[in-house]
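Engineer: The structure that follows is given in the form of structure tokens.
Any read-out appearing in this document is the output of simple, stated calculations on the displayed coordinates, not a laboratory observation. Not measured: the values here are computed from a predicted model. Glycine also receives a Cβ, built like all others from the backbone with ideal geometry; neighbour counts cover every protein chain displayed.
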Amino acid sequence: MRALHVSDAHCNTSTLKAILDSESYDVVLATGDYECLDTVEALLKAPTPIASVTGNMDHASISRRLAEAGVLVDGRVKMVEGLLVGGVSGMDPASSLRSLLDRIGREGVSRIDVLLTHHPPRGVLDLTLAGVRAGLESLRKLSETLSPKLHAFGHIHESPGYEVVGDVAYVNPGPAFEGRYAIIEFKEGIIKISLHRI
């Protein structure tokens with residue numbers, strides 16, 4: 001299983017299209033901040049299944065379009081290409097997180113494979129240019145509780161990278177508007193992450 005992770009396109013539709021055309025992959029994991037509907041439409045033309053959350057710069061029309069297309073996982077869990085994916089919105093992280101936990105509780109899920117959030121968890125790939133840790137403590141606790149194989153996010157443009165903490169691999173691909181993305185390979189319980197730029 002090979003996943004393409006993109007985040008923070010910020011209306012740069014042509015660069016997002018170029019990223020989507022630059023690699024072979026089995027699924028797209030997208031972590032928000034599209035800002036423009038034509039950017040969302042470009043994402044929806046990917047040749048594979050997609051799982052997406054919204055970003056803090058997105059608005060209701062973007063959330064509606066992603067939901068209509070069946071790819072939005074804000075506050076939900078969804079099976080995508082054999083991966084159980086859960087998501088937390090960047091538009092309203094607190095209520096989305098509560099919805100996700102409620103759904104997980106109702107469905108009797110003890111662990112998910114992939115956690116998609118727009119914001120990073122506190123202390124992981126969340127350092128701003130000003131030297132401030134801008135991640136959310138609630139997402140750090142959520143990731144520790146759910147213990148996904150992968151926690152993918154964006155938001156902090158200046159902190160692309162990946163880290164493994166405990167059993168969780170964390171990745172921030174950097175902003176797609178700069179041509180940045182990540183490839184994540186799932187193979188026999190092992191995750192291999194590589195960062196790219198077109």
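Engineer: Using a simple spin-label model with points 7 Å from Cα along the Cα→Cβ vector, what separation in nm is obtained for residue 23 and residue 103?
Structural biologist: For the pair residue 23/residue 103, the computed spacing is 2.4 nm.
Engineer: Per the helix-only calculation at 222 nm, which mean residue ellipticity applies to the chain, given -39500 (n - 2.57) for every DSSP H run of n ≥ 4 and division by its residues, nearest 500 deg cm²/dmol?
Structural biologist: The helix contribution divided over the chain gives -8000 deg cm²/dmol.
Engineer: Using the Kirkwood radius over C-alpha pairs as Rh, can you work out the diffusion coefficient of region 112-155 via Stokes-Einstein at 20 °C, viscosity 1.002 mPa s, in µm² per second?
Structural biologist: Stokes-Einstein gives a translational diffusion coefficient of 205 µm²/s.
Engineer: Ok, one more. If I model region 1-116 as equal point scatterers sitting on the Cα atoms and use the Debye formula, what is log10 I(q)/I(0) at q = 0.10, 0.12, 0.13, 0.17 Å⁻¹?
Structural biologist: -0.27, -0.38, -0.45, -0.77
Engineer: In the set [x] 39, 38, 35; [y] 67, 31, 28; [z] 58, 38, 36, which value of Cα extents along the principal axes in Å was calculated from the structure you see?
Structural biologist: The value computed from this structure is option [x].
Engineer: Shifting gears a bit: Please give the length that would be gained between residue 147 and residue 95 if that part of the chain were fully extended, namely 0.36 nm times their separation in residues minus their C-alpha to C-alpha distance (nm, one decimal).
Structural biologist: That pair, residue 147 and residue 95, stretches by 16.7 nm at full extension.
Engineer: Taking a virtual spin label 7 Å from the Cα of residue 61 along the C-beta vector, which residues in region 25-40 bring their backbone nitrogen under 19 Å of it?
Structural biologist: What the label zone holds, given the 19 Å backbone N cut-off, is 32-40.
Engineer: Can you give the Kirkwood hydrodynamic radius for region 96-198, in Å, rounded to one decimal and based on Cα pairs?
Structural biologist: Taking every pair of different Cα atoms in region 96-198, averaging 1/r and inverting gives 14.2 Å.
Engineer: Residue 164 to residue 130: FRET efficiency via 1/(1 + (r/R0)^6), r the Cβ-Cβ distance, R0 41 Å, to the nearest 0.05?
Structural biologist: E(calc), rounded to 0.05, equals 0.95.
Engineer: Give me the Kirkwood hydrodynamic radius of region 91-140 in Å, from all C-alpha pairs, to one decimal place?
Structural biologist: 12.2 Å is the Kirkwood radius here.
Engineer: Based on the Cβ-Cβ distance from residue 137 to residue 44, what FRET efficiency comes out when R0 is 35 Å, to the nearest 0.05?
Structural biologist: Between residue 137 and residue 44 the formula returns 0.60.
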